[in-house]
Amino acid sequence: MKIRKLIRDNNYNEYLMDPIYSRLLENVNNLNERIFQKNKLVNLQAFMEGFTFYTSLNYRSTPIDVLPRIISSEFFFKISNYLSARSYVLNKFIREVYQESSTPIPDWIIKTTPYFRSEMIGFSPPKNIYIHVYGADIVRLRGIPFILEDNLRIPSGISYSYKAFEYLTRFLPELSEGYNVLKPNDLEYLYDILRYVSGSKDPTIVLLSDGNYNSAYFEHRFLSDKLGIILAEPNDILVKDKEVVVKTVDEGEVHVDVIYRRIEDLDYLTPGLVKAYLRGWVTIANAPGTGIADDKATFVWVPYLAERYGMKLESVVQPLTFCLYEKENLEKVIDQPTRYVIKKREGYGGIGLAIVKDDNLNILKEIFKEYENFIAQEVLDFDTVVSVVNDSFYETYADLRFFTYYDKVASAVLSRVGIVGSRVTNNSSGGMVKPLWIIQ
């Protein structure tokens with residue numbers, strides 16, 4: 001199918017609505033059938049270089065759709081300002097719960113979330129920062145940005161953004177003719193915030209991974225290499241003599257200042273580490289207990305929290321979202337289930353998510369059993385994009401994941417693409433990744 005015909009046939013395709021794509025479409029047409037050959041070459045090269053995603057069964061390639069998404073620098077800065085403000089609100093909320101023993105949202109949320117850490121009550125993390133790394137998922141509906149959820153525990157994906165950009169630059173430089181593309185180079189934001197909370201000018205930083213069976217292990221290695229920080233597994237971490245050390249091949253046991261954790265279960269995998277953190281022997285990012293703001297029931301209350309803290313969250317819309325704990329809300333979903341996306345409060349990576357409009361009604365049975373563990377969000381028929389899949393162009397749904405390092409938003413933005421016909425874009429659900437260009 002020709003790309004221009006596909007776009008004409010879909011009224012709310014981003015490539016049709018935004019004139020920023022006009023030159024790109026010319027460049028794609030000039031390539032003709034070679035775009036499909038290059039797409040296969042990119043994906044083969046990516047797989048050969050280990051650009052993979054681990055599932056419960058095996059490593060699979062992370063599919064790359066070489067047709068880039070484009071946003072203007074003005075749009076990027078608008079989103080950046082919004083996310084910096086939202087990050088402040090979420091951090092302030094966590095601080096209020098743990099340091100001020102206040103519950104600004106319904107207390108049943110705090111009492112029932114699996115992410116609440118009672119030992120954090122009264123503890124002040126270094127620099128009062130709980131959220132060092134924050135991933136926000138955003139879609140556009142007729143050009144207007146909507147935020148779908150906050151990811152605050154161990155958000156992943158920035159390496160996929162860098163690699164997709166790199167492969168497109170390497171194999172299809174002709175696509176960028178006529179554009180001034182901003183090269184993503186903001187990984188130093190991550191290093192800077194980790195160094196800042198360490199209290200040292202030259203800290204020893206460890207990225208803590210549970211190993212090569214973690215779905216995002218490719219990213220763990222990528223960040224370790226790019227930032228020059230130690231990649232370690234739980235068995236490499238020891239708590240001894242009022243300090244935390246990491247076992248290394250070259251230098252033996254080395255004192256650790258900061259642990260950038262990419263694992264959830266610290267208590268089981270690294271016994272004693274959280275106690276060492278509470279005693280001030282090491283800094284952990286993101287802080288234990290941060291997940292209370294990651295709970296999808298908390299998402300419902302973020303606009304209220306922003307007003308409470310005197311912050312304006314402008315330029316991005318939060319769609320209608322509500323908890324099913326209240327009987328009247330549960331009845332809304334039961335009466336008109338196809339209007340909503342159902343999400344489990346502690347779900348992640350597409351797990352615990354059901355779009356009743358696209359799927360079946362089996363999720364309703366689960367809701368009846370434990371309705372307090374679900375939220376509902378209005379289904380958004382958000383803007384689609386054009387994707388290269390094998391030897392043709394298809395209309396697909398895609399989101400944007402922005403990464404904020406405390407108060408700075410990285411220019412490396414991940415665009416995830418659902419399989420044809422699906423609004424679910426997560427890699428674990430079979431999705432692809434797109435390169436993203438910010439045009440200056």
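The values are calculated or read from the model by the stated rules, or taken from the named source; none is laboratory data. All of these numbers come straight from a predicted model, not from anything done at the bench. Note that each Cβ is placed from the backbone with ideal geometry, even for glycine, and that neighbours are counted across all protein chains shown.
Scan the range 69-89 residue by residue and report those that are surrounded by 16 or more Cβ atoms within 10 Å (Cβ to Cβ), over 16 Å from K183 (Cβ atoms) and of a type in the set (F, W, Y). Once the filter is applied, which keeps residues that are surrounded by 16 or more Cβ atoms within 10 Å (Cβ to Cβ), over 16 Å from K183 (Cβ atoms) and of a type in the set (F, W, Y), the range 69-89 yields F75, Y82, Y88. For the range 146-155, the count of residues that are modelled with pLDDT of 95 or more, more than 28 Å from P303 (Cα to Cα), surrounded by fewer than 20 Cβ atoms within 10 Å (Cβ to Cβ) and within 21 Å of the chain's Cα centre (by Cα) is zero. Taken together, the criteria exclude V197 from residues that are crowded, with 16+ Cβ neighbours inside 10 Å, farther than 30 Å from D267 by Cα, over 18 Å from the mean Cα position of the chain (by Cα) and assigned by TED's automatic domain parsing to the domain that holds A232.
Checked against the criteria, V258 counts as modelled with pLDDT of 95 or more and either under 23 Å from the mean Cα position of the chain (by Cα) or not small (G, A, S) (or both).
The combined condition, being at pLDDT below 95, assigned by TED's automatic domain parsing to the domain that holds I109 and not in a loop (DSSP other than H, G, I, E, B), is not fulfilled by Y88. Among all residues of the range 261-272, there is none that is under 25 Å from I375 (Cβ atoms) and crowded, with 21+ Cβ neighbours inside 10 Å.
The set of residues in the range 90-135 being surrounded by fewer than 19 Cβ atoms within 10 Å (Cβ to Cβ), of a type in the set (V, I, T) and touching a residue at least 40 places away in the same chain (Cβ under 8 Å) consists of I110, T112. The residue list S72, S61, S102 contains one member that is among the small types (G, A, S), modelled with pLDDT under 95 and closer than 27 Å to E395 by Cβ, which is S61. In the range 171-230, the qualifying residues are those that are basic (K, R) and more than 25 Å from K127 (Cβ to Cβ), and the one that is modelled with the highest pLDDT is R221.
Of the residues that make up the range 68-81, is at least one more than 23 Å from the chain's Cα centre (by Cα), of a type in the set (G, A, S) and under 24 Å from L194 (Cβ atoms)? No, because not a single residue in the range 68-81 is more than 23 Å from the chain's Cα centre (by Cα), of a type in the set (G, A, S) and under 24 Å from L194 (Cβ atoms).
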